[in-house]
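K.L.:
Could you have a look at this structure, given as structure tokens, before my questions?
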Amino acid sequence: MDREIIIWAEHVSKLFGERIDEAKTLLEQGVDKQTVKQKTCVTTALWDVSFEVQRGEIFVIIGLSGSGKSTLIRCLNRLHDPTSGKIWLYDQEVGKLRKKELRTFRRNNMSMVFQSFGLMSHRTVLENVAFGLEVRGVRKEVRLDKAREMIGLVGLGGCENQPISSLSGGMKQRVGIARALAAETEVLLMDEPFSALDPLVRADMQKELLEIQRRLKKTVVFITHDMNEAFLLGDHVAIMRDGRIIQTDTPENMAANPADNYVKNFINSADRTRVLTAGQVMKPVACSSVIGDSIARLYQSMEEKDIDFAFVTDPENKLVGGVTIKSLHRNRNMDTISREVLDIVPAVAHPEDHLRKLQEMCVSSDYPIAVLDVGGRIVGEFTRTILISAI
Amino acid sequence: MDELIDLLTTFPPEWQFSLGNAVDEVIKTFSRNHRDVLSGIRSFIVGGIGGIQKVLLWIPWWILIVLIVALGWRATKKWYKGLLYGLMMFFVASSGLWTHMIETLSIVIASVILSIAIGFPLGIMLAINTKVERMIRPILDLMQTMPAFVYLVPAVILFSTGKTPALIATTIYAIVPMIRLTSHGISHVDKEVIEAAKAFGATTLQSLIKVQIPQALPTIMTGANQTIMMAMSMVVTCALIGANGLGMEILLATNRTEMGKALLPGIAIVFVAIILDRLTQAAAKKKEEHI
């Protein structure tokens with residue numbers, strides 16, 4: 001995957017109030033935002049935020065309400081003007097655009113999905129979806145065709161002429177997404193798009209967003225307050241607190257190395273089995289042997305380690321099967337380990353599998369699970385004990 | 001001692017001044033200096049109201065009644081209500097008040113057209129420009145709290161008596177809800193909907209025409225409905241400055257203390273008001289259901 005960065009934000013700050021210069025000086029001295037608010041009546045929505053977004057990824061910004069995440073996403077298309085700092089999309093500095101350029105920029109480069117949908121209730125589904133193309137001045141037949149295509153893509157085919165008021169929450173947000181997609185911009189800004197939906201619908205929509213993303217490869221900036229959602233969708237996750245970004249990382253790295261206690265607590269609120277992968281928590285294989293090796297030697301080593309199961313591989317370390325100490329004992333008259341001795345077919349997993357999947361395997365299997373790489377070589381093992389200590 | 005008590009209990013007469021005379025003088029001078037403009041406006045208004053009246057009188061009475069029945073039926077979706085409105089109109093006609101009703105209606109219609117023509121754009125300006133809002137809002141408060149009679153006098157001085165001052169006074173009185181509710185409707189459109197329009201690159205005008213005005217339409221229609229009702233009530237008062245119509249009939253009958261003769265046009269006014277209110281309210285509601 002090419003790692004082309006298309007959005008940069010550098011030292012972006014947004015203050016609301018009258019005495020902004022005063023507040024800035026205080027903030028630069030490291031005063032926290034509550035004190036600044038008391039002293040100057042200035043609200044610090046964002047302070048010194050920097051991040052970059054790669055082409056084709058979902059960049060998730062997560063934080064509690066009031067952490068500045070909604071302000072941040074609105075700075076990207078200048079629904080809010082940053083007080084200071086710079087934002088680029090491609091080689092365009094967003095803050096320098098004049099009124100007319102900004103309009104063109106919004107029409108062609110970024111579209112947005114809103115938490116409470118932001119749909120125009122006086123228009124039908126079709127007319128809502130076509131809105132972006134309509135303001136751009138696209139011919140009616142062309143824009144309606146495009147709108148129909150997108151309505152089909154989000155699974156609302158047949159609802160084109162319904163009024164918005166007749167739709168459920170999930171359907172409304174599908175319209176919101178279709179409207180953003182119809183504008184054919186590369187960047188999609190999504191401001192807590194699923195927060196207003198009930199959990200079952202939300203899970204569906206997340207799945208569908210990933211599916212759409214797989215097909216269309218947009219660059220998505222996604223806001224949420226739900227850690228599970230962030231880890232599920234995000235290629236990179238930025239966690240915000242009090243108007244600052246405190247850590248930006250991939251979900252796996254963030255779960256493994258939280259920057260501070262705040263991040264740790266946030267991650268604990270998430271279901272870790274959806275985040276951690278087998279590769280991150282597996283242990284080296286406790287006991288293994290190569291086919292053709294001596295049974296007696298394996299038996300002895302298992303006795304010493306006090307374990308009753310071993311993986312057996314071929315000379316290239318590819319998994320062949322598993323053997324219990326009982327079977328070795330039964331076949332002690334044989335010299336070498338052959339396929340007849342192997343009495344267990346071990347469950348297998350891959351390093352990138354989430355623990356959620358391994359959880360079920362652990363329940364149904366009494367023996368360790370083999371973690372295999374793409375070539376079928378064994379790279380580690382996984383047991384109930386490992387799983388429990390990881391969660 | 002008595003003198004001292006007098007001094008403390010009554011406002012000293014030498015401190016009083018007469019602002020009223022000064023205002024009179026200003027308006028009179030203005031009227032004298034701009035006679036041509038004023039008479040131009042006057043003949044334009046008289047022509048306008050005359051035109052509306054002619055059209056209404058040209059329509060045969062029974063067609064108008066059938067139309068009211070049909071509109072009432074469609075608006076309320078109940079045939080008996082339509083019929084009831086038709087009967088009300090029939091009552092007005094059979095009381096010999098048809099022509100008077102048309103006279104009253106044409107002033108109301110003219111003033112509502114004027115109110116909407118001025119009030120709608122002004123309301124939008126109020127909603128999108130805080131400076132204009134800060135300037136206009138106190139004036140609106142003043143217009144709304146000032147007793148309606150007060151408008152009659154300057155209107156008479158400027159335009160003498162008849163339909164013209166009646167129209168001006170009625171419009172000043174009735175325009176306020178149109179401005180207020182237009183402004184309220186526009187500025188209370190869901191924030192995210194306006195943001196969405198902006199985010200997709202709509203110009204201010206596009207956002208206004210394609211999003212804000214359609215979204216605010218139910219509120220704006222309610223404003224128009226209130227304007228109609230206020231115009232209806234004011235036009236009756238305007239009989240005092242010589243506006244012919246139902247109000248004039250009541251005024252004449254009251255002067256002669258003829259109870260019955262005053263009652264009939266009174267009932268006619270109520271009937272017309274009910275019909276206008278129900279028809280326009282239904283239109284507003286229909287828009288709301290859509291939104």
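The values are calculated or read from the model by the stated rules, or taken from the named source; none is laboratory data. Being a predicted model, the structure only gives us computed values, none of them experimental. Counting neighbours? That spans all protein chains shown, and the Cβs are built from the backbone with ideal geometry, glycine included.
K.L.:
Considering only residues that are away from chain B (no Cβ under 12 Å) and crowded, with 24+ Cβ neighbours inside 10 Å, which ones fall in the range A:182-206?
P.N.:
A:Phe194
K.L.:
Just to be sure before I move on: is A:Val221 of a type outside the set (Phe, Trp, Tyr), buried (at least 18 other Cβ atoms within 10 Å of the Cβ) and outside the structural domain of A:His236 (by TED's automatic domain parsing) in the structure I sent?
P.N.:
no
K.L.:
Which one of these does B:Thr170 not meet: (1) touching a Ser or Thr at 6+ places or on another chain (Cβ under 7 Å); (2) more than 14 Å from every other protein chain (Cβ to nearest Cβ); (3) without any contact (Cβ under 8 Å) to a residue 12 or more places away in the chain?
P.N.:
Unmet condition: (3).
K.L.:
Would you mind listing the helices (runs of 4 or more DSSP H) fully within the range B:1-113 where at least 3 residues are in the same structural domain as B:Ile168 (by TED's automatic domain parsing) and among the basic types (Lys, Arg)?
P.N.:
B:35-58
K.L.:
Is it true that some residue in the range B:190-204 is surrounded by fewer than 19 Cβ atoms within 10 Å (Cβ to Cβ), among the hydroxyl-bearing types (Ser, Thr, Tyr) and within 14 Å of chain A (Cβ to nearest Cβ)?
P.N.:
For the range B:190-204, residues surrounded by fewer than 19 Cβ atoms within 10 Å (Cβ to Cβ), among the hydroxyl-bearing types (Ser, Thr, Tyr) and within 14 Å of chain A (Cβ to nearest Cβ): present.
K.L.:
I'd like the residue in the range B:61-119 that is polar (S, T, N, Q) and touching a residue at least 24 places away in the same chain (Cβ under 8 Å) and, out of all such residues, is surrounded by the fewest Cβ atoms within 10 Å (Cβ to Cβ).
P.N.:
Restricting to residues being polar (S, T, N, Q) and touching a residue at least 24 places away in the same chain (Cβ under 8 Å), the top hit is B:Thr99.
K.L.:
Can we say A:Thr35 is within 14 Å of chain B (Cβ to nearest Cβ), assigned to a helix (DSSP H, G or I) and at negative phi?
P.N.:
no
K.L.:
For A:Pro258, only one of the following conditions fails: (1) in contact with a Lys or Arg (Cβ under 7 Å, 6 or more places away or on another chain); (2) modelled with pLDDT under 85. What is its number?
P.N.:
Every condition holds for A:Pro258 apart from (2).
K.L.:
Here is a follow-up. Run down A:Gly66, A:Gly30, A:Gly56 and say which single residue is over 22 Å from the mean Cα position of the chain (by Cα), surrounded by fewer than 22 Cβ atoms within 10 Å (Cβ to Cβ) and part of a loop (DSSP other than H, G, I, E, B).
P.N.:
A:Gly30
K.L.:
OK, next. Evaluate the range B:234-242: report whether one residue or more is more than 14 Å from chain A (Cβ to nearest Cβ), modelled with pLDDT under 95 and on the phi > 0 side of the Ramachandran plot.
P.N.:
yes
K.L.:
Now for a separate question. Read through the list (1) in contact with an Asp or Glu (Cβ under 6 Å, 6 or more places away or on another chain); (2) not aromatic (Phe, Trp, Tyr); (3) not assigned by TED's automatic domain parsing to the domain that holds B:Leu181, then give the number of the only condition that B:Leu126 fails.
P.N.:
(3)
K.L.:
Follow-up question, since we're still on this one. Which of the residues that make up the range A:243-288 are among the hydrophobic types (A, V, I, L, M, F, W, C) and closer than 30 Å to A:Ala23 by Cα?
P.N.:
Across the range A:243-288, the qualifying residues are A:Ile245, A:Ile246, A:Ala259, A:Val263, A:Phe266.
Residues are listed down the side, and each one gets a yes or a no for (1) crowded, with 24+ Cβ neighbours inside 10 Å; (2) within 20 Å of the chain's Cα centre (by Cα); (3) over 12 Å from B:Met101 (Cβ atoms):
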position	(1), (2), (3)
B:Thr237	no, yes, yes
B:Ala243	yes, yes, yes
B:Met248	no, yes, no
B:Thr257	no, no, yes
B:Pro265	yes, yes, no
B:Phe271	no, yes, no
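K.L.:
Now for a separate question. Which residue pairs have Cβ atoms closer than 9 Å, lie 6 or more positions apart in sequence or on different chains, and pair a first residue in the range B:1-28 that is under 27 Å from B:Pro154 (Cβ atoms) and at pLDDT below 80 with a second residue that is exposed (fewer than 10 other Cβ atoms within 10 Å of the Cβ) and among the aromatic types (Phe, Trp, Tyr)?
P.N.:
No pair meets every condition.
K.L.:
Residues that are free of Cβ contacts under 8 Å to residues at least 24 places away in the same chain and under 20 Å from the mean Cα position of the chain (by Cα): does the range A:191-202 have at least one?
P.N.:
yes
Conditions tested, residue by residue: (1) hydrophobic (A, V, I, L, M, F, W, C); (2) in a strand (DSSP E or B); (3) within 30 Å of A:Phe231 (Cβ to Cβ); (4) at pLDDT 85 or above.
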{"position": "A:Ala310", "(1), (2), (3), (4)": "yes, yes, no, yes"}
{"position": "A:Ser338", "(1), (2), (3), (4)": "no, no, no, no"}
{"position": "A:Gln359", "(1), (2), (3), (4)": "no, no, yes, no"}
{"position": "A:Asp366", "(1), (2), (3), (4)": "no, no, no, no"}
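K.L.:
Another question about this same structure. Taking the conditions exactly as written (away from chain A (no Cβ under 14 Å) and within 30 Å of B:Ile41 (Cβ to Cβ)), does B:Ser187 satisfy them or not?
P.N.:
no
K.L.:
I need the full set of residues from the range B:205-222 which are facing chain A (nearest Cβ under 7 Å) and out of contact with any helix residue (DSSP H, G or I) (no Cβ under 6 Å at 6 or more places or on another chain), in order please.
P.N.:
Residues satisfying the conditions are B:Pro214, B:Gln215.
K.L.:
Is it the case that A:Glu149 is within 9 Å of another protein chain (Cβ to nearest Cβ) and without any contact (Cβ under 8 Å) to a residue 40 or more places away in the chain?
P.N.:
Considered against the rule, which asks whether it is within 9 Å of another protein chain (Cβ to nearest Cβ) and without any contact (Cβ under 8 Å) to a residue 40 or more places away in the chain, A:Glu149 comes out as no.
K.L.:
Within the range A:112-131, identify whether any single residue is at the interface with chain B (Cβ under 10 Å from one of its Cβ atoms), without any contact (Cβ under 8 Å) to a residue 24 or more places away in the chain and crowded, with 18+ Cβ neighbours inside 10 Å, and answer yes or no.
P.N.:
The answer is yes, given that some residue of the range A:112-131 is at the interface with chain B (Cβ under 10 Å from one of its Cβ atoms), without any contact (Cβ under 8 Å) to a residue 24 or more places away in the chain and crowded, with 18+ Cβ neighbours inside 10 Å.
K.L.:
Out of the range A:1-27, which residues are in contact with a strand residue (DSSP E or B) (Cβ under 7 Å, 6 or more places away or on another chain) and in a loop (DSSP other than H, G, I, E, B)?
P.N.:
Selection gives A:Arg3, A:Glu4, A:Gly17.
K.L.:
Name every residue in the range A:224-265 that is over 13 Å from the mean Cα position of the chain (by Cα), closer than 19 Å to A:Leu355 by Cα and either touching a residue at least 40 places away in the same chain (Cβ under 8 Å) or surrounded by 16 or more Cβ atoms within 10 Å (Cβ to Cβ) (or both), in order of residue number.
P.N.:
A:Pro258
Conditions (1) at pLDDT below 95; (2) within 27 Å of B:Pro218 (Cα to Cα); (3) touching a helix residue (DSSP H, G or I) at 6+ places or on another chain (Cβ under 6 Å); (4) not polar (S, T, N, Q), marked per residue:
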residue	(1), (2), (3), (4)
A:Glu141	yes, no, no, yes
A:Ile151	yes, no, yes, yes
A:Ser166	yes, yes, no, no
A:Ala182	yes, no, yes, yes
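K.L.:
Mind listing just one residue for me: the one in the range A:75-93 that is within 14 Å of chain B (Cβ to nearest Cβ) and farther than 15 Å from A:Asn109 by Cβ and, of those, surrounded by the most Cβ atoms within 10 Å (Cβ to Cβ)?
P.N.:
Only one residue tops the list, namely A:His80.
K.L.:
From the list A:Val135, A:Val220, exactly one residue is within 11 Å of chain B (Cβ to nearest Cβ) and modelled with pLDDT of 90 or more. Which is it?
P.N.:
A:Val135
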